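Structure first, then comments.
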Amino acid sequence: MKKKSVWAILAACLALGLGLGFTAKVRAGAASREAAMIRPVDDAWRAALPRDPEQATAAYLARISPEARGRSDAYFTGGYWLQLGSFLVTLGSFGLLLATGASAAMREFAERATRRRPLQTMLYAVLFMAATWVIQLPLGVAGDFIREHRYGMATQSFPHWMKDQVVGLLVSTVILALALAALYGALRRFPRTWWIWGTGGGVLVLAFVMFIAPAFIDPLFNAYKPLPEGPARQAILSLARANGVPAKDVLWFDASRQTNRVSANVSGILGTTAVRLNDNLLNRSTLPEIKGVMAHELGHYVLNHLYKALMFFALVLLAGFAFVAWAFEALRSRAGSWGIRDIGDPAGLPLLAGLFTLFMFVLTPALNTDTRVQETEADLFGVNASLEPDGFAEAQLKLVEYRKADPGPVEEFLFFDHPSPRKRILTAMRYKAEHFPR
Ligand SMILES: [Zn+2]
């Protein structure tokens, strides 16, 4: 393939992505989502629930209509194919940059533009991000915009969605350009042991993204405001005090400008600790539901889940970089035909990134399981701290809008980064039966 064909492919992907987005019919999903919503129940319904946890869980799940369940299953399992598609398109975009010589041409352009090697790497990184972003745009529009609207999850018009995408691209390009300048410095100085130093640097970048960035980057997409005085604010701060979480403020943010999903989190470090919940949770939930969900989020904080996740990612990065270092050497003879001089040459980034993407894709079940175990722990913490098993169960029933209610064990192991709604409701009902015996 010729270098010029890359321009044709980039132009075609940009036109296809924008064309799909601007011509998509985005109103249809909202009505069908509302028709599939689960009807609320009253205290009498809860009082009449069976004491047996399995039977009580079945009573909760019986409120999902067959249409709602079919819709939820189709949405969630469609996501499996989307993950596979995204993996293949990502590899394809890297392969295209290598096979056409575009990657080597981008490196040459950067070398002509400046003599400083870190700046060359950063300039290459900007071109790399822009090119791969454009190639992946059509699938992004189809998967994250059209599909989300079709299922009534998304609330944004295409121009607004696109603006968020571009802001996200700019932020990640800045972070990636700096990280790659450091990584390629290590690659050139320590061509044999770079994967050890690279892991150290990668952990620092991850720590920044996990602990520092929420306070600075999230406000680029949503407005965060203190939750006004009221029962919800009081209950959340009381839960935080009771469980030793040093949060002085409860923030709420306008997630409804992007999505109908319900969510919340506790973020921050050293005095920036903040409890944050989105307006969908606030507007669609009763106080017991809010308490059940927020106690789960506080559980992540109390159980130090972010620090544990960071340590797990450090091991994943070390293994991943070791694999990339080994596989790059094994592919060295091919690398010459792609115009890559050696491992310290930024033109080899598509190869390095492709090998790392492959490693992470194979590891998906392990990564999901690590997260799912933490989520299970936070569920157990949450029902203990909130004493609201029915509120928590009700909130989990709402999540069936976007999470398959009752998958098989293999499916849950492979694809679920949270326990299934059925398991989470069962956790709550088991707690209720043991803690509030009649
Ligand atoms: Zn969680």
Exercise for the section: Whole number please: convex hull volume per residue, Cα atoms of the stretch 165-240, in Å³. Expected result: 106
Handout entry: Förster radius 25 Å - calculated FRET efficiency between PHE190 and ARG115, Cβ distance, rounded to 0.05
Key = 0.65
Handout entry: Computed lengthening from ALA330 to PHE436, 0.36 nm per intervening residue step minus Cα-Cα distance
Key = 32.0 nm
Handout entry: HN-Hα J in Hz across the stretch 4-14 - Karplus 6.51, -1.76, 1.60, θ = phi - 60°, x for Gly and Pro
Key = 4, 5, 4, 4, 5, 5, 4, 5, 5, 5, 5
Practice task
Could you give the size of the charge dipole of the chain about its Cα centre, using +1 on the Cβ of each K and R and -1 on the Cβ of each D and E, expressed in debye and rounded to the nearest 20?
Solution key: 1240
Completion exercise
Expected sort for 172-182, 9-19 on mean C-beta neighbours within 10 Å, highest first, is 172-182, 9-19
Exercise for the section: Report Rg/Rh for the stretch 342-415, rounded to two decimals, where Rg is the Cα radius of gyration and Rh the Kirkwood radius. Expected result: 1.22
Practice task
List the residues whose amide H sits under 5 Å from the amide H of THR259, counting only those 5 or more places along or on another chain, with H placed 1.01 Å from N in the peptide plane.
Solution key: THR155
Exercise for the section: Rounded, prolate or oblate: pick one for the stretch 42-93, where a ≥ b ≥ c are the square roots of the eigenvalues of its C-alpha gyration tensor, a/c under 1.5 means rounded, and failing that, prolate if a/b is larger than b/c, else oblate. Expected result: prolate
Exercise for the section: Per DSSP H run of at least 4 residues, take -39500 (n - 2.57); add these up for the chain, divide by its residues and hand me the 222 nm value, nearest 500 deg cm²/dmol. Expected result: -22500 deg cm²/dmol
Completion exercise
For the MET37, LEU363 Cβ pair and Förster radius 41 Å, calculated FRET efficiency rounded to 0.05 is 0.70
Completion exercise
Per the rule of 0.36 nm per residue minus the C-alpha distance, extending VAL126 to GLU108 adds in nm 5.1 nm
Completion exercise
In terms of the alpha carbon gyration tensor, root eigenvalues a ≥ b ≥ c, rounded if a/c is under 1.5 and otherwise prolate when a/b exceeds b/c or oblate, the stretch 203-284 is oblate
Exercise for the section: Alpha carbons only, please: Rg and Dmax for the stretch 258-313, in angstrom. Expected result: 12.7, 36
Exercise for the section: Enumerate the calculated ³J(HN,Hα) couplings along the stretch 362-370 in order (Karplus 6.51 cos²θ - 1.76 cosθ + 1.60, θ = phi - 60°), each rounded to whole Hz, writing x wherever the residue is Gly or Pro. Expected result: 5, 7, 3, x, 5, 5, 4, 5, 4
Handout entry: the chain - Kirkwood radius from inverse mean 1/r over Cα pairs (Å)
Key = 23.9
Problem - Rounded, prolate or oblate (a/c below 1.5 giving rounded, otherwise prolate when a/b exceeds b/c) for the stretch 310-362 by Cα gyration tensor - result: prolate
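Throughout, read-outs are computed from the coordinates displayed, never taken from laboratory work. These numbers come from a predicted model, not from an experiment. A quick note on method: Cβ atoms are made from the backbone with ideal geometry, for glycine too, and the neighbour counts reach across all protein chains shown.
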